[in-house]
Every structure is written in structure tokens, then in C-alpha cells.
Amino acid sequence: MKHRSRALTFISLLVGLALFVYVVKQAGPAEILARVRSLGAGFAFIIAISSLRHVVRALAWLRCMTQEERRVGFFAVVRARLAGDAIGDLTTAGPLIAEPLKVMSLGGQLSLTAGASSLAVENLAYVVSSCVMVMSGTLALLAAFALSESLRVASLMALAAVLIVIIVSVIVVNRRWAVLSSSVGAVTRLINRGQSASQATGRAANWAEMQISRVRGLEDYVFDFYARRPMDFFLVALCEIGFHLAGVAEIYATMHLIGADITLATAFILEAVNRVINIVFAFVPAMVGVDEAGTGLLAQTLGLGTATGVTLAIIRKIRMFFWIGLGLIFLAGNQPQRTQRAQRVSKP
């Protein structure tokens, strides 16, 4: 499985790099390089704005914990988020690796159950807020710009998809439908049916029941949070809104620093489409190539020019690697602590 994952990461990276080279060549390497250089010291300003996104999502996760669990501390949560995102951005597995790693990066400061439950609530809030962001940006794009038939159809399809996700999420949480635990139970029963009686041991059955119970507990935590903690829900929603607004501010500032005069409405549309790229192409390491291609195409549609959009994506990529580097430093710093804990557990 590890070999397959590495092979997929390598292939995705190669395809992304090929697309990156092609897009940059088509847009004009000289103009892109000149625009990136024009950013200069303004890059520090971009880093400062982007740091707000990590701050507000860390605050959101912290707020999803109980009062006692919040003693883990804000900076521990920030470090855990950066460490998890660093690995997630560099692999095809994306969230499948990033989210568990965030919880494990907190170490013994928070139980795995508590960390996973609170992070699940925060991620759900992020997904729904991203869907609202995409829906708003798509409506603005359709209303303000004349799109080609293919882009209009793609926009309408994206609009329908996010609307379905929002409606389904609201219904599931409101009616407390145990979709996840039921799915895990169904898969477990299907696996057990395919095994012989000797293979389906009592130990395996107990392990399966334990996993289903854990998933059900996570679902209950999510349902109870939205039903019984309205103030925390409101604050988490504000944090998620702040995350998206910081993204809009980052694009607005970046574009002006490289000499592109845009409105906040245009920056909002660019950020909304960037959310789509992040979700759809999460399996591409660092979204190499796909971000440049997608942002370049949208910028051309908005009348900004392909080179401007590709430059924006490249600057965003440089900013991403800055945070990836910091996340890897935090991850390396956590390694000795995990080793010491493992040694203490192994001692008789």
C-alpha cells in the first residue's frame, strides 16, 4: 500500500510539473518572473495575511473542544495544524494523512478521541463554509461576467454540487442520521461474510464493534455540538468566515502588489474558485500545475490576463512552501517527544 501511495504521489507530481511548465511557457515566463520579482518585500505582507488563516482555523478547532480540553493551548494547536497540513500538501493522500497527523501531533496533551471529535466538528464547519463561499463566488461570476458555454455549464454544475452538499449536511446534523457509523457497520458485515468461520474470530468481531462504537461516539459529539453549544457554533462560524475573508484579502493585496488593479468582488471570485481547486485537486502534491492552469484560465476570463493569474498562483505556491517548511520543523520537533512517550509505554 505504501509503495502504491508513493507511486501515485510521484506520478501526480510529474503530471503536475509537466502542466506547470506548459502553462508558464504559454503565459510568458519573462512577464511572470518580472511580476513575481515586483512583489519584493511585499511578500512579508502576504505571509502576515496568510498567517491569519492558520490562526482563525486553530481558534475554531480550539473552540470545538470542551472547556477542559482547551488547556492544550492555542500554540500547540497551531503547531499541530501546520505539521499536519505540511504532510497533507506534499502527498496525494491529502486530508487522509493530514487530519490524523494533526491529532497525533498534540501528543499526550489531548486524547485521540477528543482530538478527532473536535477536529471533525471544525472540518465540517470548514466544508460547509467553503461550499457557501463557492456558491457565492459562482453566482457572482455568472452574474458579472460573460462566460463561454463550457465555463457556464461547469459553473452551474459546481453550484448544484455545493448546494447538495450544504442541504445534505444540514439534514444529517439536524436529524442526527448516523450515516458514518452505519456505513462502517455495513462494510464490516460485508467483510465478515466473505471470511470463513475460522477467520471471523471473536477478537476480530470485538475489534469491529469497537471501531463502530468510536465512530458513533464521534458522530454524537458532532451532533451535540451543533445542538447544545450555540455560542461555540457561532464563534466557530465567525472563524471560518474570517478564514475565507483573509483569503480574499491575500489575493487583493497580492494582485495590487504585482500591478494588477482589481476590485474586492473580483478577489472574492478568485478565492471562491481557489476553494474549488483546493478541494477537487487535493490529491495533487502542492497543487502543482493545476492551480496555475485554473487560476490562469479564470484570470483570462475576468479580463486580467493569463500571466497575471499564473503569477498569482506561483506566489501562492511560494507562500504555501513557506508554511510547509515551518510545519515540517514543528513535525520534526514533535518526533523526540513521541519517541520518549513510546519508550515510557514500552517499559514494564
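Of the residues making up the range 299-329, just one is surrounded by 24 or more Cβ atoms within 10 Å (Cβ to Cβ) and more than 18 Å from Gly259 (Cβ to Cβ), namely Gly327.
Among the residues making up the range 29-50, those that are among the small types (Gly, Ala, Ser) and surrounded by fewer than 16 Cβ atoms within 10 Å (Cβ to Cβ) are Ala30, Ala34, Ser38, Gly40, Ala41, Gly42, Ala44, Ala48.
Taken together, Ala260, Ala267, Ala227 contain a single residue that is out of contact with any Asp or Glu (no Cβ under 8 Å at 6 or more places or on another chain), aliphatic (A, V, I, L, M) and not in a helix (DSSP H, G or I), which is Ala260. Listed by first and then second residue, the pairs with beta-carbon distance under 7 Å, at least 6 apart or on different chains, first residue in the range 308-326 and closer than 23 Å to Gly84 by Cβ and at pLDDT 95 or above, second surrounded by fewer than 18 Cβ atoms within 10 Å (Cβ to Cβ) and not small (Gly, Ala, Ser), are Arg319/Ile47; Phe322/Ile47.
Against the criterion of being assigned to a helix (DSSP H, G or I) and buried (at least 16 other Cβ atoms within 10 Å of the Cβ), Val21 does not qualify.
Only one of the numbered conditions (1) closer than 28 Å to Ala249 by Cα; (2) under 20 Å from the mean Cα position of the chain (by Cα); (3) without any contact (Cβ under 8 Å) to a residue 24 or more places away in the chain is not met by Ile97, and that is (1). Taking Leu82, is it under 14 Å from the mean Cα position of the chain (by Cα) and at pLDDT 95 or above? Considered against the rule, which asks whether it is under 14 Å from the mean Cα position of the chain (by Cα) and at pLDDT 95 or above, Leu82 comes out as yes.
When Met133, Met104, Met157 are checked against the criterion of being in contact with a His (Cβ under 6 Å, 6 or more places away or on another chain), of a type in the set (A, V, I, L, M, F, W, C) and either free of Cβ contacts under 8 Å to residues at least 60 places away in the same chain or surrounded by 14 or more Cβ atoms within 10 Å (Cβ to Cβ) (or both), Met133 stands alone in meeting it.
Within the range 253-277, the set of residues being more than 17 Å from Thr301 (Cα to Cα) and free of Cβ contacts under 8 Å to residues at least 60 places away in the same chain comprises His256 only.
In this structure, Gly303 does not satisfy being within 23 Å of Ser136 (Cα to Cα), in contact with a Lys or Arg (Cβ under 8 Å, 6 or more places away or on another chain) and of a type outside the set (Asp, Glu).
The values are calculated or read from the model by the stated rules, or taken from the named source; none is laboratory data. This one's a predicted model, so the numbers in the text were calculated from it and none came from an experiment. Methodologically, a virtual Cβ is constructed for each residue, glycine included, from the backbone with ideal geometry; neighbour enumeration extends over all protein chains shown.
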